[in-house]
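Data first, discussion second: the structure below is written as structure tokens.
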Amino acid sequence: AAAPPTLQAIFRSHARVFGTVGVGVLLIAAVRATRQAVLPLWAQEIGLDPATTALIYGLSGAIDMLIFYPAGKVMDLYGRRWVAVPCMLIMGVSLLLLPLTRDALSLLAVALLIGFGNGIGSGIVMTLGADFSPSPGRPQFLGIWRLLTDVGTMAGPGTVSAVTAAASLAGGIWTTGALGLVGAVVLWLWVPPREPRGRQR
């Protein structure tokens, strides 16, 4: 039996995928991780009490969960791009709007929009990983894929912290929103409308 391909071999043979779609999923992970942190931080910034903050955060999560099934249907019927790009576009715009909120109602509206955007992209990261993964070599490919998302999960809040320390919390949130828009462009350019054809399963 042939020896399974190494991580190094998979990384070299799929470098273009990791450097394009992989960057997109890294940005998805960064924006998703950041949005969990900045909602309560901004609520505190505008003086909301903990109970109101918890309610807003919970309603945002509820919208997120309600979109799971419709998002999956859209992904299957129309392709990955039509889920990945709106996910990042909506979250990016929402984060750009977040520092403009000044009360509970305006924060709730933006929080619901963030939850909707995140819900649209439910499962997109691992779905794209499965689409592009080769056989043989799928475990090695998905290991690198997961590493990219973990890097994004760490880098997103880290970026907000760095910009907040250097400028302000609003600046950190706007930076993340800009990353969301960049991610939308990357995913539009490199995610095919349908599952990649001709790949071995």
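Key figures
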{"read-out": "Residue within the range 72-81 that is at pLDDT below 95, assigned to a helix (DSSP H, G or I), under 15 Å from the mean Cα position of the chain (by Cα) and not hydroxyl-bearing (Ser, Thr, Tyr) present", "value": "yes"}
{"read-out": "Residue selected from the range 111-167 under the condition open to solvent by 10 Å² or more (accessible area, probe 1.4 Å) and in a loop (DSSP other than H, G, I, E, B), by the criterion modelled with the highest pLDDT", "value": "Ala167"}
{"read-out": "Selection count, the range 1-34, where residues are closer than 20 Å to Leu113 by Cα and open to solvent by 30 Å² or more (accessible area, probe 1.4 Å)", "value": "1"}
{"read-out": "Close pairs from the range 66-82: first over 20 Å from Ala184 (Cβ atoms), partner small (Gly, Ala, Ser), Cβ under 6 Å, at least 6 apart", "value": "Phe68/Ser122"}
{"read-out": "Hey, Leu66 at pLDDT 95 or above and open to solvent by 40 Å² or more (accessible area, probe 1.4 Å) or not", "value": "no"}
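The values are calculated or read from the model by the stated rules, or taken from the named source; none is laboratory data. A quick note: this is a predicted structure, and the numbers were derived from the prediction, not measured. Glycine also receives a Cβ, built like all others from the backbone with ideal geometry; neighbour counts cover every protein chain displayed. Each accessible area value is taken on the protein alone, full model and side chains, heavy atoms only, with ligands, DNA and RNA left out. Shrake-Rupley method; radii C 1.70, N 1.55, O 1.52, S 1.80 Å.
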